[in-house]
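Taken together, the values in this text are just the output of simple stated rules run on the coordinates, not laboratory data. Predicted, not measured: the structure shown is a model, and the values here were computed from it. Here the Cβ positions follow ideal geometry from the backbone for every residue, glycine too, while neighbour counts run over all protein chains shown.
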Amino acid sequence: MGVVQSRIPQGAEPGPTPADIEAGLSAALASVMSGARRRAGRDGDRQVDTAHLLHSLLEYEPQVRAVFDGGPQVARLLGYLVQRSIGYGLQWQGTVEDSGAVPLVAAAKETVLSPAAAGAMEAALDRAVLRGEPQADGVDLLAALAADPECRAVEVLRSAGVDVGELLLRIEGGRETGCESGWTSAR
């Protein structure tokens, strides 16, 4: 029998487990995660990637939609994401999204998060902790997705004409004011 090698570098702390991630999600973000899992299953994808998460955020989270420049931008984003789910547009189906950040993470019900999606979930939890909140919300996850320039969600955002740098500034500006309406008026 051979020795099994750990995928975690020696001396590194292991990342959060799927149970840790689930416990750190607000009820609304848990619904987003469930929607992303269902979408990945319907699409025949082997894992939940960042585009699945973005799609579910836009569908289920009014706070996330409020961050964008109004309805037309959200409609364009949803259009790209729907094209992807029916096999048109951005061609990722059946491929693995890997920014190289973390190993694949199995989540509840044997659904696997892509490395980039797992990293985004971790980053969303970290953002919540920095704000003094026990659970991440949809805007935390949107910020984490937008902060990874190599992920599929950012590719979708750019394809829909979203300035990702400006999006991140709007999120931070809204968080600093503590007012969701700051997102819709910030420019």
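Karplus couplings for region 149-155 from phi (6.51 cos²θ - 1.76 cosθ + 1.60, θ = phi - 60°), rounded to Hz, Gly and Pro as x?
Each residue of region 149-155 in turn: x, 9, 8, 5, 4, 5, 4 Hz.
Ordered by residue, what ³J(HN,Hα) values in Hz, to whole numbers, does region 34-46 give under the Karplus form 6.51 cos²θ - 1.76 cosθ + 1.60, where θ = phi - 60° and Gly and Pro are x?
4, x, 5, 4, 4, 4, 4, x, 5, 6, x, 7, 7
Sort Tyr60, Tyr80 so the one with the fewest other Cβ atoms within 10 Å of its own Cβ comes first.
In increasing order of surrounding Cβ atoms, one gets Tyr60, Tyr80.
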